[in-house]
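Novice: The structure is given below, and queries will be raised subsequently.
The values are calculated or read from the model by the stated rules, or taken from the named source; none is laboratory data. These numbers were taken from a predicted model, which means no experiment stands behind them. No Cβ is skipped: glycine too gets one built from the backbone with ideal geometry, and neighbour counts run over all protein chains shown.
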Amino acid sequence: MNKRCAVIGGSGFLGRHLVEKLLDRGYSVSVFDIRQIYVLPGVTFHQGDLCDRQALLPALKDVSLVFHCASPAPASDDRGLFERVNIQGTRTVIQACIEAGVQKMVLTSSASVVFEGTDIKNGREDLPYAKKPIDYYTETKIEQEKLVLEACDKEKGFLTVAIRPHGIFGPRDPQLVPILVDTARRGKMKFIIGDGTNLVDFTFVENVVHGHILAAERLRPDSPACGKAYHITNDEPVRFWDFMSEVLVGLGYAAPRYHLPYFLVYGLALLLWLLALILRPLVSFKPTFTPMRVALAGTHHYYCCDRAKQDLGYKPVVGLKDGITRTVQSYPHLRKGA
Ligand SMILES: NC(=O)C1=CN([C@@H]2O[C@H](COP(=O)(O)OP(=O)(O)OC[C@H]3O[C@@H](n4cnc5c(N)ncnc54)[C@H](OP(=O)(O)O)[C@@H]3O)[C@@H](O)[C@H]2O)C=CC1
Ligand SMILES: CC(C)=CCC[C@@H](C)[C@H]1CC[C@H]2C3=C(CC[C@]12C)[C@@]1(C)CCC(=O)C[C@@H]1CC3
């Protein structure tokens, strides 16, 4: 097995952290992404759309291991785009990998594939996929995971595994902290949705990277990981609103204080989402409090990662407190008054 791998989505938040760690561990890396935003020794860049097989093939040349962590951002809420990239595009990635002789593929899936907006406490990987996924992102992540796990074929020498992280945060995250701060700056982060006691997983990006690399290195024909999905979390469920408050206060903003009933906010979010959908041809507006975000903010959703501990030898490498401190320090430009 050579130490040349490819990271599809390697310009993104998780992808770039993964590339940096792979380089530290002596891999040479081929990055495939729709955009190029950095240059690093040991990395060759291939810019293109993963739905284009001809564009993918040069990036997979002499590569034995592929990490697929590209996806449109959940905030885009664009059904056509999610279906094209996450479903058809993933089919194309699998075909291209087989054609190029890649032996192993690690998919970044999401723990949300089992989330339907109701409480999940210590959820294990054998929970059924969401029958009524809340958004198009989740709907297409489910199909994507199925495609990748079903493609695992020991006879053909193509092994696959899926990592299901939850609530990734850390330096350079374009989503969680920036959206939180933007919401606070617009004066909309004063309210706690529900009673504020709901526990959730937030996972520091380096733990997610660690889970991916362990999965890749443990994936062999005789390994229990073949064709399986693994939750990767910080293994420290935290109250959603305590986590948000810690980040906000760390950046100089006030923590939310006033409570609003969960079902009232969820109903309003659903109404706004429908309105945005109906009016889309005339005006375009993106509500901050989408049904998915409200559901995530007001329910329990934390997952058990015993399977990853047992099969992959996984253990978080950065604790939650440390992760929050490092994250807050990495956003000086988002501090209040900056
Ligand atoms: N962030 C989180 O909390 C969680 C994320 N995940 C999963 O982790 C993975 C990485 O997420 P994250 O790093 O946060 O996301 P990012 O948006 O930061 O990274 C994804 C990268 O993929 C690129 N990309 C999108 N479409 C294509 C395409 N058609 N062809 C090539 N490249 C493309 C993006 O480019 P561009 O930005 O231009 O679209 C971006 O550079 C995703 O699969 C996501 O579903 C799972 C659980 C939680
Ligand atoms: C209520 C509100 C507006 C809070 C601001 C923070 C949110 C933007 C994040 C809180 C939980 C995050 C999360 C994701 C995106 C950002 C949040 C909603 C994901 C949906 C990203 C993609 C996934 O696969 C699952 C994540 C769950 C947690």
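Novice: Where residues in the range 247-283 are modelled with pLDDT of 95 or more and β-branched (Val, Ile, Thr), which of them is nearest to Arg326 (Cα to Cα)?
Specialist: Looking at the filtered set, the residue picked out is Val247.
Novice: What are the residue pairs meeting all of these: first residue in the range 55-78, first residue modelled with pLDDT under 95 and part of a loop (DSSP other than H, G, I, E, B), second residue basic (Lys, Arg) and more than 13 Å from ligand 1 (Cβ to nearest atom), Cβ atoms under 8 Å, and 6 or more apart or on different chains?
Specialist: Taking only residues 6 or more apart or on different chains, the pairs are Asp77/Lys286.
Novice: Does any residue in the range 179-196 that is over 22 Å from Gly267 (Cβ atoms) come within less than 9 Å, Cβ to Cβ, of a residue that is of a type in the set (Gly, Ala, Ser) and assigned to a loop (DSSP other than H, G, I, E, B) six or more places away or on a different chain, and which pairs are these?
Specialist: Note: pairs meeting the criteria are Ala184/Ala254.
Novice: If Tyr137 satisfies all but one of (1) within 9 Å of ligand 2 (Cβ to nearest atom); (2) surrounded by fewer than 22 Cβ atoms within 10 Å (Cβ to Cβ), what's the number of the condition it fails?
Specialist: The failed condition is (2).
Novice: Being assigned to a helix (DSSP H, G or I) and not charged (D, E, K, R) is the filter; apply it to the range 220-245 and report the residue that is surrounded by the fewest Cβ atoms within 10 Å (Cβ to Cβ).
Specialist: Our first condition is that a residue be assigned to a helix (DSSP H, G or I); within the range 220-245, this holds for 240-245.
When the remaining residues are screened for being not charged (D, E, K, R), the result is 240-241, 243-245.
Details: Phe240: 26, Trp241: 23, Phe243: 21, Met244: 22, Ser245: 19.
Per the criteria, the residue is Ser245.
Novice: Considering only residues that are more than 8 Å from ligand 1 (Cβ to nearest atom) and under 16 Å from the mean Cα position of the chain (by Cα), look in the range 35-75 and name the one that is farthest from Gln103 (Cα to Cα).
Specialist: Result: Ala75.
Novice: Does any residue in the range 283-296 that is surrounded by fewer than 21 Cβ atoms within 10 Å (Cβ to Cβ) come within less than 8 Å, Cβ to Cβ, of a residue that is polar (S, T, N, Q) six or more places away or on a different chain, and which pairs are these?
Specialist: Listed by first residue and then by second, the contacts come to Thr288/Thr183.
Novice: Against the conditions (1) under 14 Å from the mean Cα position of the chain (by Cα); (2) β-branched (Val, Ile, Thr); (3) more than 28 Å from Phe263 (Cβ to Cβ), where does Ile213 fall short? Just the number, please.
Specialist: For Ile213, the failing item is (1).
Novice: Could you tell me how many of the residues in the range 144-178 are in contact (Cβ under 8 Å) with a residue 40 or more places away in the chain, away from ligand 2 (no atom under 14 Å from the Cβ), surrounded by 14 or more Cβ atoms within 10 Å (Cβ to Cβ) and not aromatic (Phe, Trp, Tyr)?
Specialist: 10
Novice: Ok, one more. In the list Asp195, Asp173, which residue meets the criterion of being assigned to a loop (DSSP other than H, G, I, E, B), within 16 Å of ligand 1 (Cβ to nearest atom), in contact with a helix residue (DSSP H, G or I) (Cβ under 9 Å, 6 or more places away or on another chain) and not small (Gly, Ala, Ser)?
Specialist: Working: Asp195 fails: within 16 Å of ligand 1 (Cβ to nearest atom).
Every option except Asp173 fails the conditions.
Novice: Taking Ile179, is it aliphatic (A, V, I, L, M) and touching a strand residue (DSSP E or B) at 6+ places or on another chain (Cβ under 6 Å)?
Specialist: On the way: aliphatic (A, V, I, L, M): yes; touching a strand residue (DSSP E or B) at 6+ places or on another chain (Cβ under 6 Å): no.
Taking the combined requirement at face value, the residue does not satisfy it.
Novice: For the range 1-40, give me each residue that is within 16 Å of ligand 2 (Cβ to nearest atom) and either in a loop (DSSP other than H, G, I, E, B) or β-branched (Val, Ile, Thr) (or both).
Specialist: The answer is Gly9, Gly12.
Novice: In the range 60-81, how many residues are over 13 Å from Ser11 (Cα atoms), buried (at least 19 other Cβ atoms within 10 Å of the Cβ) and within 16 Å of ligand 2 (Cβ to nearest atom)?
Specialist: Here the count works out to 1.
Novice: Could you check the range 132-187 and list, in sequence order, the residues that are of a type in the set (Gly, Ala, Ser), over 21 Å from Cys97 (Cβ atoms) and under 13 Å from the mean Cα position of the chain (by Cα)? Explain how you work it out, then say what you get.
Specialist: First, the residues of the range 132-187 that are of a type in the set (Gly, Ala, Ser): 151, 157, 162, 167, 170, 184, 187.
Subsequent filtering for residues that are over 21 Å from Cys97 (Cβ atoms) retains 167, 170, 184, 187.
Selection gives Gly167, Gly170.
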